[in-house]
1. Can you tell me how much longer the chain between R61 and W131 gets when fully stretched, taken as 0.36 nm per residue apart minus their C-alpha distance, in nm with one decimal?
2. Please arrange D108, D130 by how many other C-beta atoms lie within 10 Å of their C-beta, fewest to most.
3. Name the residue, out of G137, G115, G60, whose mean-square fluctuation peaks in a Gaussian network model built on the chain with Cα pairs under 10 Å.
4. Within 10 Å of each residue's Cβ, count the other Cβ atoms and sort T109, T33, T82, T12 from fewest upward.
5. Measure nothing fancy, just the Cα-based angle from helix 106-125's long axis to the longest principal axis of the chain, in degrees from 0 to 90, nearest 10.
6. Roughly speaking, what is the stretch gain from E120 to A27, that is 0.36 nm per residue apart minus the C-alpha to C-alpha distance, in nm to one decimal?
7. Report the calculated FRET efficiency for L16 and T112 (r = Cβ-Cβ distance, R0 = 35 Å), to the nearest 0.05.
8. Give me the dipole magnitude in Debye, nearest 20, for region 38-144 about the Cα centre, with unit charges on the beta carbon: positive for Lys and Arg, negative for Asp and Glu.
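Each reported figure results from applying straightforward, stated rules to the coordinates on display, with no laboratory input. Because the structure is a prediction, the values reported are computed rather than measured. When we count neighbours, we look across all protein chains shown, and the Cβ atoms used for this are built from the backbone with ideal geometry, even at glycine.
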Amino acid sequence: MPASAPSPARNTLRVLLSLLLAIFSVAALGLATGAVWMLPTMYEGRPLPWLALPAGWLLGRVMRSWIRPAGPGAALLAVIATLLAAIYVSMLTAGARIAGNLGLDLIDTLRTAGGAMLFELARQSTSPTDWVWFAAGCMVAAWAAGWISKPHPAK
C-alpha cells in the first residue's frame, strides 16, 4: 500500500518545532560564544570588541552547517547570535567591573545586579567604535552563513 502524504497539521508542527529549535540554538550558541569571548577580555583587562569578527565567522559557519541551510535564514540567525554574544559579553564585563571595584564574587554580583542593571551599564560603557566592530562581526556572520554565495559553475 502506498504511503499517504503527511497531513498539513503534521507539516505545520514540524516547521514550528524546527523554528523553536533554531531559536533555542541561537540563544544557546550566542550566550556560549559571549561567555567564551569573556575569557580573553578578562585576561586582557579591557574590552576586545574586535573579537566580534571571529565570533561572527564561527557563528555563521555553525548556523550554516548545523541549524539552517546556507541562505538568508541562516544569515539572520547568525546575525542575531552574534549580536546576542556581543551584548552578553558587554554585560558580563560590566558585572566583572563591579565585582572587581567592590571586591565581590562575580556570580553574586551578577545575581544581585540583575539583567536590567547590567544591560544599562553595558550600554553606557559601549563606545560607538565598539558598535562598529559589533556590526562588522554581524556582517561577517551573515557572509559566513551563506548570505552571499558563489555562483556555481554550469555543468
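1. 23.0 nm
2. Least to most surrounded, the residues fall as D108, D130.
3. Per the Cα network of the chain with a 10 Å cutoff, G115 tops the list.
4. T12, T109, T33, T82
5. So the helix axis and the longest Cα principal axis differ by about 80 degrees.
6. 31.5 nm
7. Taking R0 as 35 Å, the efficiency between L16 and T112 is 0.40.
8. 320 debye
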